[in-house]
Amino acid sequence: MTDTTISALADPVREWERGAWCLAALALAARGEAGSLTHAARDVLEAAGVPEHTLASSPLTPAQIEALASAGLLKTAGLLTGRDVSWADQSDDALRAQGQASGIAAAMFAQFVVPNYPELGARLAQPGARMLDVGTGVGALGAGFAIAFPALSVTGIDVMPRVLELAQQTVAEAGLQERMELRLQDVAALDEEGVYDLAWLPAPFVPERAFTEGVRRIARALRPGGMVMIGHGRLEGPPVDDALTRLQTIAYGGTPIDGAAATDLLTELRLGDAKTLQTPPGAPGITVAFR
């Protein structure tokens, strides 16, 4: 084996490992515990061009920053256990980290969706507005929407009893018991009609069978004028990003779908104004349509 051959593998491994340690440093710095480890983590961020005041001035909470940094690390650590990996196999810490990261979706919705559809924002501000949060997990996304829209009631459904127990804690800590309902339910068994003004369906976390049937049932469950949002991978970027998106989706048993396929699916269901929205780099793709 030549030096060139060794470098062809060792160089990218070294760079990828560097990135993992930078994420760990960000999580430690956001946690903010006293001690030499936190100081060393802050030094890493400073050297990487992320000074401490950047964290302090961020609109994200320290818990959200820590979750963004650690969620991927916790997920990949689970993948390398040698077992079939699903969300049901993850630790409570991994589930909470992913949930905290998902909780940012309400802020993204306000920034990237509502300006394009102001009538929807007004609708969600009206008494009696209702949202369906599919794959609610620990309930952070649904809680984020309920906080952002004080008139909104949220129904969160999931197929894992353990995450719903964690979601109950999220709801209680946020004081949202009166406006958040949690149900053990597969979206493919959803049997409501004309109930929701907004529905969120995260394709990467929903198996293909449940996703395909679930979209059809969500279309029926929307009120006239209600919106469905499908979160999905972005498969139009650099080849390595697209390949990683597919790997992540398959590893966790989700549905690998992109904006074009999501738009076609919603159009086939005769939902109106189906389109994929512009979201920032690093954020999931979002395709929307109206009943």
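No value in this document is a laboratory result; all are computed from the given coordinates. Fair warning: this is a prediction, and the values are worked out from it, not measured in the lab. Because the Cβ atoms are built from the backbone with ideal geometry, glycine has one as well, and the counts that use them run over all protein chains shown.
Quick notes on this one:
- About the Cα centre, charge dipole magnitude for the chain (Lys/Arg +1, Asp/Glu -1 at Cβ), debye: 560 debye
- Here is how the number arises for the chain: DSSP H runs of 4 or more residues each give -39500 (n - 2.57), the sum is divided by the residue count, and the result at 222 nm is -15500 deg cm²/dmol.
- Charge tally in the Cβ shell below 11 Å around D133, where Lys, Arg are +1 and Asp, Glu are -1, D133 excluded: 0
- Rounded to the nearest 0.05, the FRET efficiency derived from the C-beta distance between R14 and T61 at R0 = 35 Å is 0.60.
- Put in line by how crowded their Cβ is, counting other Cβ atoms within 10 Å and starting with the fewest, M229, M131 read M229, M131.
- Simple Cβ-charge dipole of the stretch 3-101, Lys/Arg +1 and Asp/Glu -1, about Cα centre, in debye nearest 20: 160 debye
- Taking the fewest neighbouring Cβ atoms within 10 Å as the starting point, the ordered list for L198, L265 is L265, L198.
- With a simple spin-label model that places each label point 7 Å from the Cα along the Cα-to-Cβ direction, the separation between E213 and L247 comes to 3.2 nm.
- The stretch 156-253, dipole about Cα centre (Lys/Arg Cβ +1, Asp/Glu Cβ -1), debye to the nearest 20: 160 debye
- Of the trypsin sites (Lys or Arg not before Pro) found in the stretch 135-192, no site is in coil according to DSSP while having at most 15 other Cβ atoms within 10 Å of its Cβ.
- Angle of helix 36-47 to the longest C-alpha principal axis of the chain, folded into 0 to 90 degrees and rounded to 10: 80°.
- To the nearest ten degrees, helix 62-79 and the longest principal axis of the Cα atoms of the chain are 80 degrees apart.
- Counted over the chain, the DSSP beta bridges are approximately 35% antiparallel.
- Efficiency of FRET from Cβ geometry, L184 and T81, R₀ 25 Å, rounded to 0.05: 0.45
- Potential lengthening between V114 and L73 on full extension [0.36 nm per residue; Cα-Cα distance subtracted]: 11.6 nm
- In the chain, taking the dipole from charged Cβ atoms about the Cα centre, the farthest positive-side position among A67, L79, A262 is held by A262.
- In sequence order, calculated HN-Hα J values of the stretch 165-181 (Karplus, 6.51, -1.76, 1.60; Hz; x Gly/Pro): 5, 5, 5, 4, 5, 4, 4, 5, 5, 8, x, 10, 4, 7, 10, 10, 10
- Under 5 Å, built H, 5+ apart or other chain: amide partners of R223: V195, Y196, D197
- Take the convex hull of the alpha carbons in the chain; its mean projected area over all directions comes to 17.2 nm².
- Extreme residue, positive dipole direction of the chain, given options L201, H39, A274 (C-beta unit charges): A274
- Farthest towards the positive end of the charge dipole of the chain, among the residues A174, A243, H53, is the Cα of A174, using unit charges on the Cβ of Lys, Arg, Asp and Glu.
- Residue-wise HN-Hα coupling along the stretch 217-226, computed from phi with Karplus coefficients 6.51, -1.76, 1.60 (Hz; x: Gly, Pro): 6, 5, 4, 6, 7, 6, 6, x, x, x
- Against the main long axis of the alpha-carbon atoms of the chain, helix 92-102 sits at an angle near 70°.
- Gain on full stretching of the segment that runs from V50 to A151 - 0.36 nm per residue minus C-alpha separation: 32.6 nm
- Per-residue 3J(HN,Hα) values for the stretch 266-280, derived from phi via the Karplus relation 6.51 cos²θ - 1.76 cosθ + 1.60 with θ = phi - 60°, read 5, 5, 4, 7, 6, 8, x, 6, 6, 7, 9, 8, 7, 10, x Hz in sequence order (x marks Gly and Pro).
- In a fully extended conformation the segment linking A172 and A34 would gain 46.8 nm over its present Cα-Cα distance, using 0.36 nm per residue.
- Whole-number percent relative contact order across the stretch 102-290, with pairs defined as alpha carbons under 8 Å at least 6 apart: 17 percent
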